[in-house]
Amino acid sequence: MSECATPRIGAGTPYQPRPESAPVPISKHPAVTVRPPPPSTQTRLRYSRNAHACARLPRNPFEPEPISMTLTRRAFLASAAATSGCAPYTYRQARVCEPPRPDGPIRIDMHCHLMNVRDVSEADFVTRRFFNLEEDASPTLEAIAASLATFLAGFLSVGAWGIRQERGYLRVEMEKPLDLSAEGRNRPARQSNTDFCFFAGRTQAGAFRSDAQRQITGFFSTRIRNAARMMTLYPDMDLFLPSMVDLYEGANILPLPEHIAFYSELNLATRGRFLPLVSFTPEREYEDRTLGGRSPDDPARPSQMFWVKRAIDQLGFVGVKVHPSSGFSPIDNLRWGCLNTPRQRIRETDRELYDQFSAYDRYMEELYAFCKSRDVPILTHNSTGLSANEVCMQGAFPPGHGDRQAPPSGDYGDPALGEWTYAPRAASNPRRHRRWNRATDPRDEQDFTNNPGAWIAAMRAADRAAPGLPPLKVILGHLANGIDRNSHDGGTATLQPSPWLRTAVAAMRTQRHLYADLSEVNEFFESRALFEGYRDVLGRLISTEPGFARNLLYGSDWHMPATADAGARYPDRIEALLPARVRPAVMGETAADVFGLRPGQQTRARLARFYADPPTLTGVPRRTDASLPLSEVPWWDRM
C-alpha cells in the first residue's frame, strides 16, 4: 500500500462511514490495520527551520518545510545567544507575539504548561515516573538513577528560576507605569504582548537555551520565557490556559500561594491571553488540615482549598487541574486510592489509611461542590502514564477488595470480617508494598486508579448531591488514554480506541458535561501511514458518536517533550486529523463555552471584575494602576 492510500479495516474490507443516526457500540468499533509504505516512499518528519518563528506553516503536516537561507537580525541574535550563553534573547525585531487578527473562529489551547524543573522533585520524578522503579528495584539502581537525575537537572537548569524569584521579577515589572510617549523606550511588559516577549528575553541567560525554532522542553527555562515561546510558536492561538501542576512527591513542596500570585500577574501582563488553572490534590489538603491545623475558610491559617477558592473567585483563574497520577481517586478512595511512596516504608496502619483515604473523598466532594457553584471545569490527567505507584494503581487486588469497606477494628483490617485493608501490602511485611509482575499479576484496565468510570461516578454523585447547581464539568486529558497501537511482525500495526476512551465515548452519549482533549498525541504523527490510520479511527468516532464530536477539545500539553519537539506544527497536525465540520468547535469554540468565557457566564463576569480592579494575593494595594480595560483584551468581544 502506498503511503497515501486509505488504511484497510480488518481483512481487507474498505471502511464505509456509518450515518450519525446509527452509532455503533464502542466495544464493536473494528480495529484499523496500518501497513508501512514501501521504503522508497517512507515519509520522514521534518520540522521547521524557518528563520522566522511565526512563518505560516503548510496545512499538510507532512509537507516538507522550505529551509530559509535568509538570516534575519533576530535569528542571528538568537543563534549568537545560544552559542555564547551571554547575549539576551530579543523579540523586538518583529511583532511576533501579538494575538491573531480578530476574524475567524476563536482558537484556544486549553491544556498547556509553563512549569519548569523547579516545580518538581527531580530525583523522585525521574526514578518513579519515568524509570518506574518500584518495590522490586535494586536500591543501588535507584540510588544511581536518583543521583543522575539530580545532577543532570542541576546542570541543565542553571537558567530556570524558582517561582519566588520569577514572581518578584514580574511583580516589579507590573508596578511600572505605561509609557505613552512617541518613542516608547520604557514600555513595560504589560503594555503589549510584544513588550512582554521582549521583557521575557531578559529572564533567560546561560548556555542551555535553545534558539527560536527548536526546544525539546521548557523544563529548563523560566516560566516567563515559556509563555513568550508559546506566543511565538502559536501566533494563531487566541488564548492559552496553562495548568499549575502539583505532583505531590519528594521534598520539593509546591508553594501554592506564590504560584497563584505569579499566574495571576501573568494573566494581566499578557493582556488576558493566559488564563490559568489552579492545582488541587487531596493529599496536600490532608496534610494541611490534619498535620498543619489549617482551614479552607480561615485566611489566618489557610489550607490549599482556601487558595483554590481565592484563585477562582478573585485572581483571574478559570478552572482547576488535578493530577491523580499521584495515587488518589476522584471517588471511593477506599477502593482505588494509593499511597504515592511505593519504595518507602508504609508508616501508616490500615486504621490510619482508612481515615486518610476517607478524608480524600470528602475533600474531592468539597472541590466538586465548589466547582459546581462557580461553574468552572476540572481538567484531570487521564492516562496510565506517569503513575507514581503502579503496584497499587495498576496491580491486581485481592478478590472482594472493593466491597470490603468496614473500618478496621484494630491496627490492621481482617478481610474475613469484611474489614478494609490496604491491598498492596506485602504479606510477609505489612510495612512494605508487595512485589508486582505485570504479566503474572494482571488487573482489568477499566479498574485502574483514575479510570474514566470513576470520574463518571464522581460526576453523577456530585450532581445528585447538589441538583440546584450547574452540572459538574470534567475534562479527561490526553484523550482518555488515547488510541491503542499493537505492533505486529512485518511492520503492521492495529489501532483501536483504548478501553478508557471507549468508556468515555459511551458515557458522552448521555453525559453532556464530560469532555476529552487532544493533548500530547504525537504518536499519531510518527509516519504518514500511522497518521492516516489514526485519522481514520478518530474520524470514525467523530462521525458515529455525536456526543464525542460535541465534547472534544484542543490542547497541546506544551511544553512536554514530544509536543515541544513538534513545535509550531502541532495545531496544524491536529486540525489535519479532524473533519472540517468539527474543526472550529474542537479548536476553541467548545472550550469558550466550557470555561465560561461567553457573555452571561459566571467566569466571564469574574474576569471582568478582576481586570477592572485586580487585587494582589495579600490584598496590599498596588502602587500603579494595573487595571486592564476590556477593550484591550483582544478576545473579549469575539466570544
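The values are calculated or read from the model by the stated rules, or taken from the named source; none is laboratory data. Just so we're clear, the structure is a prediction, and the values are computed from it rather than from any experiment. Neighbour counts run over all protein chains shown; Cβ positions are idealised from the backbone, glycine included. The accessibility values were calculated without ligands, DNA or RNA, using every heavy atom of the protein model including side chains. Shrake-Rupley method; radii C 1.70, N 1.55, O 1.52, S 1.80 Å.
Quick notes
- Whether the range 427-560 is rounded, prolate or oblate, judged on the alpha carbon gyration tensor where a/c under 1.5 counts as rounded: oblate
- Long-range amide H partners of S279 with built H, under 5 Å: M244, K321
- ³J(HN,Hα), Karplus 6.51/-1.76/1.60, whole Hz, each residue of the range 468-480, x for Gly, Pro: x, 9, x, x, 6, 10, 10, 10, 8, x, 6, 6, 6
- Here K473 is the anchor, and the aspartates and glutamates within straight C-alpha reach of less than 17 Å, apart from those fewer than 8 places off in the same chain, are E365, E366, D375, D463, D517, E589, D593.
- All-pairs Cα distance distribution in the range 485-639, expressed in whole percent, bin size 5 Å: 1, 8, 14, 15, 16, 13, 11, 8, 6, 4, 3, 1, 0, 0
- By a 1.4 Å probe calculation restricted to protein chains, D536 has an accessible surface near 20 Å², given to the nearest 10.
- Low-density loop positions, trypsin sites (Lys or Arg not before Pro), the range 578-639 - DSSP coil, at most 16 other Cβ in 10 Å: R622, R623
- Hz values of 3J(HN,Hα) by residue in the range 521-529 - Karplus curve (6.51, -1.76, 1.60), Gly and Pro given as x: 10, 5, 5, 5, 10, 5, 7, 5, 5
- For the range 321-430, accessible area per residue (1.4 Å probe, heavy atoms of protein chains only), Å²: 34 Å²
- Other residues within the sphere of radius under 11 Å centred on the Cβ of K176, judged by their own Cβ, net out at 0 (K and R +1, D and E -1).
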